[in-house]
Structures are given as C-alpha cells and as structure tokens.
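Okay, structure first, notes after.
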C-alpha cells in the first residue's frame, strides 16, 4: 500500500478550548493513519491501522516513512481547519457513518478507509475515531498527547479540540499514528 500525502495549508490555529493563537505551517499529512500495508512485509490485513506501538516506536515508524509525528496544535489545525470545526467532517453531530467510536457497532479497529463520510474537507480519513494518534507533544509525567479518539471512546473524545495523554511506553490496540512532513 503506497502512502498518500495530502497538503493542508498553514494558517493561524486557535488552539484548544481557550483558543490560543499558534502559527501552523503548510504540511503534508498521510491520508489515513499508518496501516500495516504501509510498512515493509505487511501482514494479512494491510488496511488495518498499525497499533500497539509505544511513542518511541511510533516516532521511529514516522521517520522511516519520511516524516515525523505531528505536534498537538498541528493535529488540531488539520482536524478543525480555520473554521474551527467541531468534528473533522464539520459541525454535524457524530453518527456511526462518520467514525468508528464506542457506539458505532464495530467494537474494535476497522480498516483505515471504512468511514469516508467522516473525511475532512481535504480528504483525510479516520481523523476521528478508530485509533488514538500519538503526537510529538509531551504531557506531564513522562507522557505524550494523543488525539482523535478510538473505537472504544465516546463521541466527545473525537472532537477536534479534545486531547488525551498516555505514558510514552504504553502499547494499546487503540493507539496508532499518522505521519506529517514538510512539503
């Protein structure tokens, strides 16, 4: 599976619930979270997201694929855009066709292109739900910020401004990564 990169123009992000101003540069983003098919020697299910990688492993995979993990503010800009969308797809309330979240009926991860109705206007998929995405931003106490929610998360956790954190050594079936790079 080849990586597909989508350009998201930069701008001024009104970051977080307090709308702190952060300048974001134009970046190329992987269209989906990294799937096993994006790695050398993929297993039988190449469209499923890479999961159960700790933060260091996720950063190493990002480097091997020619990019890096995004900063939390960059992730939010990609997800919410200059309009500050509530959800990656817009302001319409979540429904199962948009994202794999707790009440969607899946109960586990799905292939990375299962929810096209939840795409951002630029065409990025699985920004909300399916797996949490590691960022390069640190959190208190040896942690890193996670964004996007997972298949086990309630819809609130998939909103564009919601952030979570986890210990950097954690491996979970609900945590993976997306890669970003300079154009």
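Of note:
- Average projection area in nm² (convex hull over Cα atoms of the stretch 69-156, one quarter of hull surface): 5.8
- Residue order, fewest to most surrounding Cβ atoms within 10 angstrom, among 142, 122: 142, 122
- Normalised contact order of the stretch 53-110, rounded percent, pairs of Cα under 8 Å and 6 or more residues apart: 13
- The chain: relative contact order in percent, alpha carbon pairs under 8 Å with at least 6 residues between: 28
- Cα-based shape type of the chain, given that a ≥ b ≥ c are square roots of the gyration tensor eigenvalues and the cut on a/c is 1.5: rounded
Quick note: the coordinates plus some simple rules give every number you see, no bench work behind them. The structure presented is a predicted model; accordingly, all values stated were derived computationally and were not measured. Cβ atoms come from the backbone with ideal geometry, glycine included; neighbour counts cover every protein chain shown.
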